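Values quoted throughout were computed directly from the atomic coordinates according to the rules given, and no laboratory measurement underlies them. Remember, predicted model here, so these are calculated numbers, not experimental data. For neighbour counting, all protein chains shown are included, and Cβ atoms are generated from backbone atoms with ideal geometry for every residue, glycine included.
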C-alpha cells in the first residue's frame, strides 16, 4: 500500500511490475520519469534477446523530451562493443541539431559504418515531448516523428553478439540531455497504424512481439524495470527523477480489469509438456478471508484448484501456506494482496518469469528454484531457464526464511564462466581458480544488474554446479532477517573444480534487516587439483534519499562472496576471485565495514568511482573496491581484527606515469596485526594503485601491504620471456629454462620503481609478477610487518616464476622492528626458469633519518631471485636479484650489518667506493654495484649464511685486468655456509682482485669463495672467451682442451692463472629467441694475503654444465692464491663443466698456489705479469686440488682434457 497526497491508493500491477496508480490514468504530468540534466543513458547490458541479428526486423519507439540539442549527434538507442568504446555498433538518434532522424550501420553493416539520415520537415523542438520511432524491416528503416512517417532509407546494421544495448545515449557526448519515457522494442516492423494506435497509451508488457518495455515510472533508485521481466536497466551517474511535465498517457488496454497474462509465453520451454490439472470443487473465499493451502489434490502443484481452500489464488487475495512440504510453482502467481509462507514450508519455482507476486509478502519458509541444465557452444547465448523472482511492495524475509539457490546454476562444463578444460574453477564476478595448470573460467555479467546464474566448474566428472539466480523487486521496504543464498557447490571428487557463486539482485525503495540476515554468493571449493569457483554477484538498489532519512539507515544484514579455495596441488596459481557487491551509493560502506558485515566482496558504487569517506575503520571485514576506484578518507584509516582492503587498478594509457586507482588517507593509516591492504595491478595493462598517507603509516607485526603475485599475469609484461618457460625479468633478468628458453629482460627504474612485475613463461601455470606498492607518506613510516610484492612461483612441472614487483616508499623517516620489505622473484618449477627480483626504492629525509635514536631500523630488504629451480637445476643464465635504491649510505653504517639485505643489487647515488673500519655481514645477501671497491680497514667477516657478490665492470685500459676490488686491512673470515662471490665481466673478462693484509680463513662445512660459472658467456656472433667451443655440442677449453670435435683451445698461464674460463660452443636448441644450452666458463678467484690463507671450506671456479639437449660444458676458470702460508683441509676446484649425455665436456681450468711468498713480493711479480724465478713446491696440508675435465665424453671425437695446477714457492 502507498500513501500519496494523504489518500490511500491501491497498487496496480502491470505484467508483474508494481506501478503507483495516478488519478489521470496511465501517466500524469506529475509522475516521475528519468531526467539527464548533463547527459545520460540507461544501460541494458549484453541482452541476447535485444541483440537482433543483421537482417532481422526491429522497431524501437518511445517518448523523448530534449533540454538541448547540439549540432552533433544525439543517440536514443545504441549498440556498442564495450562501455568505454562507444559507437562501434548500430545507432539510432538525431543529427544536425535535431534536423535529421538518423541511423548508423556500424562496422559490418550495409553500407558499412555509414550514417543514413532522413531530413525532418522541421527540427525537433526542445522543451516538449516528441514520439520517435525507428522501424527496420531488414533491408531499410522507416522513421516516424509524432506518429507521422518522415521517410525511408536502405539500412542493415552490423551483427555482433558482444555489444551492450543502451537507451538515450552511448556513454559519451552523444548522450541525450532531457527526459525519456515509454520505451518499447519489438521483434517486428510495426506498421504506421500500429505506431499511432499504441503511442498514447501504456502497455501491459505481454503484447505479442514485445522484446522489452520500459515505462520509466519507477520513481526511485537506479534500476529501470522492464515490463516484460527480461531486461532491467541501470541509470547512468548524474541521473535524477523529474516530473513528466506535459506528457499524459492512457492506461493499457484492459488495465482497469486486467486478466493476468502468463509471465512465460505459452510456447516457451517452461510450459512445454504441462498438463492441465483436473478441476476440483472449491469453496468460495469469504470477503477479507484467506486462501489457505490444503494440498488435498496430492500433486503439490500451485496451479491445482484442489490444493487450495478457495481454488488457485486469484488477484487481490490473501494467501497463506502453513502446511504442505514442497510446492511446485511453474508460472507467475496472480498479483496477490498478501502471501505468507510458513516455517518449514517450501516453494520450488520452475521457469525464468515464474514470479511470486504480492503487495505484502512474508517468507518464513524456503523458496528455491530448479537447476539450470542447458546447452550452448557460444558464451553469449547461454540462456538460463530458472530463477527465484519475487515482486511486491513490502517484503519480509523472516529469521527462519530462506531463499535457497545453492548449486542451482549451470551444471559442470556449462555456463558463460565455465572453463574450456577439465579442472579450472568457474568464473563469474571474477575469474575462476587455476586447477593444476588449467586456467579458471572468465568473469561475466554486469555487476550493477546481476541476473545470470553461476557457472559450472571444469568438465571433469568431479566438477560442480554454480549458484542460481535470485531477483527481488520491492516498491516499498525489503526486510532481510533470513538467509539469501546462491553459492556454487563444493567439489568432493578427485580433480573436481568448484562452481561459481550465482546472482542476487535486490531492488527496493528502502532496505532493512537484522544481523541474522545474510546474503551469500560464495564460490565452490576445488578438490584434488581442481580450481575453486569465483564468488558471485550481489546488487542492492535503493532510493538513496529515503534510505538516508531512516532512523537507522544502515541495515544490519551480512553479505559474503567468498571465492572457492584451491587444492594445494595447484601450487597457489591464480586463485579464484571474490564476488562483487554493487550499491547505489556509499551510505552503507563505513558502517558495514566497522561491524565486519561484508566478507570477500568487491564493492562498486554504480554512480561513481570517486569515494570520499569520513574516518574509516575496517573491523574484521574483507572487502575490495571497484576497478579504478579513487578512495579518499578524510581522517584515519584503520584495519583491525583480520580486515583486508583490496584495491584494483583499471587500465591506463601509460602505467609508468598514470595511476590505475588511488587510496588517499588524510590522517594516519594503521594496519593492525593480521590485516592487509592488497593493491592489485591490472594483469595485462600493468596499471597500479597508488597510495598516499597525509600523516603517519604504521604496519604492525603480521600486518602487510601485500602485492604478492598482483602484477602482470603469466605471459604479460615488459619482462616476459620471448617464448617457452623462461622466468620473467624486472630488476634482474629472468632465469633461463629447460630447452634453452631464455628468461625475460631487465626493465624499469631503480630510483622510481612504478612498474609491476612480469608474468613468467607463456603458459597458464607460470607465476604472475609481483604488483606495485607505491606509498607516499607525509610523516613517519613504521614497518613492523611487511611491504611485499613477490612474484609467483611456477605452479606445476616446467613452469616459470614471475618477477618481483615494485616498492617505492617516500616518507620523512622510516622506522620499524623486525619488518620486511620484499620484492622477490618467483621460483621456477622443476626445469622452469626462476623470476628475477623486483625493485625497491626507499626515499626518506636523510637529515631527519640520521637524527633518530635508531637511524637504521631493524628491517630486512629483499629482492631475491633463486639461483636454481625447485629441483636445483641451473642454466647458463640464472635469474638475478633485483635492485634496492637508497638515497645515502646510512644503511651501510656500523661495523655489523645483520639481516638488513636479503638478496639485492645495491644502488646508491655516487656509490663507487665503500669504506669501513670493520665490517661483519651477518645473514646478509648483498650484490654490490659493478666496479665497486670495498675497502675495510680492519676485519671483514661473513657469517650466518651471508653472501657478498662483487661484480667486475668492463675495463678497456691497456694492461688493466681488474674491474672491481676487495681490500681488507686485517683478516678475512668466511664462516660455514657463507660465501664471497667474485664475478668476472662476462664478455670482456675483467676480474675481481681480493687482497687481505693478514689472514684469510675459510671455514669448513660448506662455504667459501665461489666463482663457478661466472666467467665468459657464450655468444653466437663471436667467441667471447679465447677457448669457446665451436658451435654445437663442443666444450670450452682453458687449462685443457674442450671435448667434442670442435672443443675450445688451451690458453692462459699455468703459473699465474688470471683469465676466466670459456663457454661451450653455441647450441641454440631453444631457437632464434632462445639462448645456448652450453655452460658458461668458470670465473676467477684472485686472493692475496700477507699472513696465512687457510682453506677448510671451498674455493671454486668450475665451468658450467651443459643442459638438455646436447649442451657442452664450459671450461674451468682460474684460481690463484698467494701468501706466506697456505694450508687447510678444504678443496680448490677449477673443474670443467659436464656435458649433457657426456658429450663435449669442458676442459679443466688452471690453479696456481704460491706459498712462502711475502705480500709485497707477490704484488710485485703480479704487476710484472710474470711468476719469475720460482720452484715447484709441495701441496700444503691436506688440501685437495681438482682440475678435472667435465664428464668422460665417451664416444666423442675428442675427450676433454684436464687443466693445470702449479704449486710454487720462491727460490731460496
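Brief remarks on what is shown
- Antiparallel bridges, percent of DSSP beta bridges restricted to the range 848-940 (to nearest 5): 0 percent
- Distance (nanometres) between label positions extended 7 Å along Cα→Cβ at residue 1164 and residue 516: 9.9 nm
- Whole-number Å³ per residue for the convex hull built on Cα positions in the range 178-223: 106 Å³
- For the peptides 833-839, 1164-1170, 532-538, 393-399, the ranking by packing is 833-839, 532-538, 393-399, 1164-1170, with the highest mean count of neighbouring Cβ atoms within 10 Å listed first.
- For the range 445-521, fraction of C-alpha pairs farther apart than 18 Å, in %: 49 percent
- Rounded to 5, the percent of DSSP beta bridges in the range 917-1212 classed as antiparallel: 5 percent
- Using the average count of surrounding beta-carbon atoms within 10 Å as a protection proxy, the listed peptides 846-855, 784-793 rank, highest first, as 784-793, 846-855.
- Computed lengthening from residue 917 to residue 591, 0.36 nm per intervening residue step minus Cα-Cα distance: 111.6 nm
- Cα coordinate range in the range 537-628, projected on the principal axes (Å, largest first): 52, 24, 23
- The convex hull defined by the C-alpha atoms of the range 765-837 has an orientation-averaged projected area of 4.7 nm².
- Distance from the C-alpha centroid of the range 838-890 to that of the range 127-141: 66 Å, rounded to the whole angstrom.
- Each peptide in 915-924, 648-657, 1040-1049 gets a packing score, the mean of other Cβ atoms within 10 Å over its residues, and the list from highest to lowest is 1040-1049, 915-924, 648-657.
- Stretch gain in nm, segment residue 551-residue 749, where the contour uses 0.36 nm per residue and the Cα spacing is subtracted: 65.9 nm
- In terms of its Cα atoms, the range 917-1212 spans 51, 42, 40 Å along the principal axes, sorted from long to short.
- Global geometry of the range 759-894, whether rounded, prolate or oblate, following the gyration tensor of its Cα atoms and the 1.5 cut on a/c: prolate
- DSSP finds beta bridges in the chain, and of those with both partners inside it, around 25 percent are antiparallel.
- Reported value for the range 313-608: 117 Å³ per residue, from the convex hull of its C-alpha atoms.
- Cα pair count fraction exceeding 18 Å, expressed as % - the range 600-743: 61 percent
- Rounded to the nearest 0.05, the FRET efficiency derived from the C-beta distance between residue 53 and residue 149 at R0 = 35 Å is 0.85.
- FRET efficiency for residue 400 and residue 294, using Cβ-Cβ distance with R0 set to 25 Å, rounded to 0.05: 0.70
- Residue 850/residue 722 FRET efficiency (R0 51 Å; Cβ-Cβ; nearest 0.05): 0.65
- Residue order, fewest to most beta carbons within 10 Å, for 362, 1175: 1175, 362
- Taking the inverse of the mean reciprocal distance over all distinct Cα pairs, the Kirkwood hydrodynamic radius of the range 878-965 comes to 13.7 Å.
- Full-extension gain in nm, residue 96 to residue 1073, via 0.36 nm per residue minus C-alpha separation: 346.2 nm
- Hydrodynamic radius (Kirkwood) for the range 640-910, which is based on Cα pairs only, to one decimal in Å: 17.7 Å
- Neighbour-count order for 542, 444, fewest beta carbons within 10 angstrom listed first: 444, 542
- Put a dot 7 Å past the Cα of residue 1198, heading toward its Cβ, do the same for residue 634, and the two dots end up 8.2 nm apart.
- Once both labels are positioned 7 Å from their Cα atoms along Cα-to-Cβ, the gap between residue 888 and residue 67 label points is 5.8 nm.
- Against the rule of thumb 2.2 N^0.38 Å, how large the Cα Rg of the chain comes out: 1.15
- Every helix of 4 or more DSSP H residues in the chain counts as -39500 (n - 2.57), and over all residues that averages to -500 deg cm²/dmol at 222 nm.
- Taking a point 7 Å from the Cα of residue 189 along the Cα-to-Cβ direction, the residues of the range 119-152 with backbone N closer than 14 Å to it are 134-144, 151-152.
- Kirkwood-Stokes translational diffusion coefficient of the range 12-243, alpha-carbon pairs, 20 °C, 1.002 mPa s, µm²/s: 124 µm²/s
- The order of 955, 1182, going from fewest to most other C-beta atoms within 10 Å of their C-beta, is 1182, 955.
- In the range 1131-1180, the alpha-carbon atoms span a convex hull of 126 Å³ per residue.
- Acute angle (nearest 10 degrees) that the helix 1159-1168 long axis makes with the longest principal axis of the chain, alpha-carbon atoms: 80 degrees
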